[in-house]
Amino acid sequence: MIRPIVLLSAPGAAVSGGVLWWRALIGAGLEAYPEADVIDILDCGDAPGAAMAGLRAGLRYLVLNSRVPAWPRVAAIAAGLGGVVLAERPQGLDLADRGSLRQLRCFAGETHS
C-alpha cells in the first residue's frame, strides 16, 4: 500500500527559496516518482505576500503565521481556491536530524536498518 507523504518546506522557505523554487523542487520529485501520493506544504513564515504568490502559482497548502494581520484574508482567499492556510507549522521529520533515516524507513514500512 502506498501511503501519502507530506513534504513540508523549511521554515520561511517561501521567502528564502521562493515559490517557483518550491514548485520546481516538488515537480522534479513528482517527475521522478509519478506514482507518489504527495501533499506539499510551503512555509511562508510572516510573509502574506509570499503566501499570495504561492496561491497565484497554484499551491494549495501553505503555512502563514497566524499573528500576521492579513492571515484571515489570506486564509479566506485560499479556501475560495480550494486551498488551506495553516496557522502554524505541523510537526515533521527533519531529515537532518540524527536517526531520521531510521524513522523514515519505519514510516515506509521497511524492516531492515
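The values are calculated or read from the model by the stated rules, or taken from the named source; none is laboratory data. All values derive from a computational prediction rather than experimental measurement. In this analysis, Cβ positions are derived from the backbone assuming ideal geometry, glycine residues included, and neighbour counts consider all displayed protein chains.
Table for the structure above
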| quantity | calculated |
| --- | --- |
| Which numbered condition LEU8 fails, given (1) in contact with a Lys or Arg (Cβ under 8 Å, 6 or more places away or on another chain); (2) surrounded by fewer than 15 Cβ atoms within 10 Å (Cβ to Cβ); (3) of a type in the set (A, V, I, L, M); (4) within 21 Å of ASP94 (Cβ to Cβ) | (2) |
| Among the candidates ARG60, ARG73, residue that is out of contact with any Lys or Arg (no Cβ under 8 Å at 6 or more places or on another chain), surrounded by fewer than 18 Cβ atoms within 10 Å (Cβ to Cβ), under 17 Å from LEU8 (Cα atoms) and at pLDDT 95 or above | ARG60 |
| Checklist (1) without any contact (Cβ under 8 Å) to a residue 12 or more places away in the chain; (2) polar (S, T, N, Q); (3) surrounded by 13 or more Cβ atoms within 10 Å (Cβ to Cβ) applied to GLN91, failing item | (3) |
| One residue from PRO69, PRO90 being outside any helix (DSSP H, G or I) and farther than 20 Å from VAL6 by Cα | PRO69 |
| Segment 10-33, residues that are in contact with a helix residue (DSSP H, G or I) (Cβ under 8 Å, 6 or more places away or on another chain) and touching a residue at least 40 places away in the same chain (Cβ under 8 Å) | ALA14, VAL19 |
| Residue match in segment 26-38 (condition: of a type outside the set (Phe, Trp, Tyr) and buried (at least 16 other Cβ atoms within 10 Å of the Cβ)) | yes |
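Every residue, every condition in (1) closer than 29 Å to ALA108 by Cα; (2) touching a Phe, Trp or Tyr at 6+ places or on another chain (Cβ under 9 Å), yes or no:
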{"site": "LEU25", "(1), (2)": "yes, no"}
{"site": "TYR33", "(1), (2)": "yes, no"}
{"site": "ILE41", "(1), (2)": "yes, yes"}
{"site": "CYS44", "(1), (2)": "yes, no"}
{"site": "GLY49", "(1), (2)": "no, no"}
{"site": "ASN65", "(1), (2)": "no, yes"}
{"site": "ARG73", "(1), (2)": "no, no"}
{"site": "ALA79", "(1), (2)": "no, no"}
{"site": "GLY83", "(1), (2)": "yes, yes"}
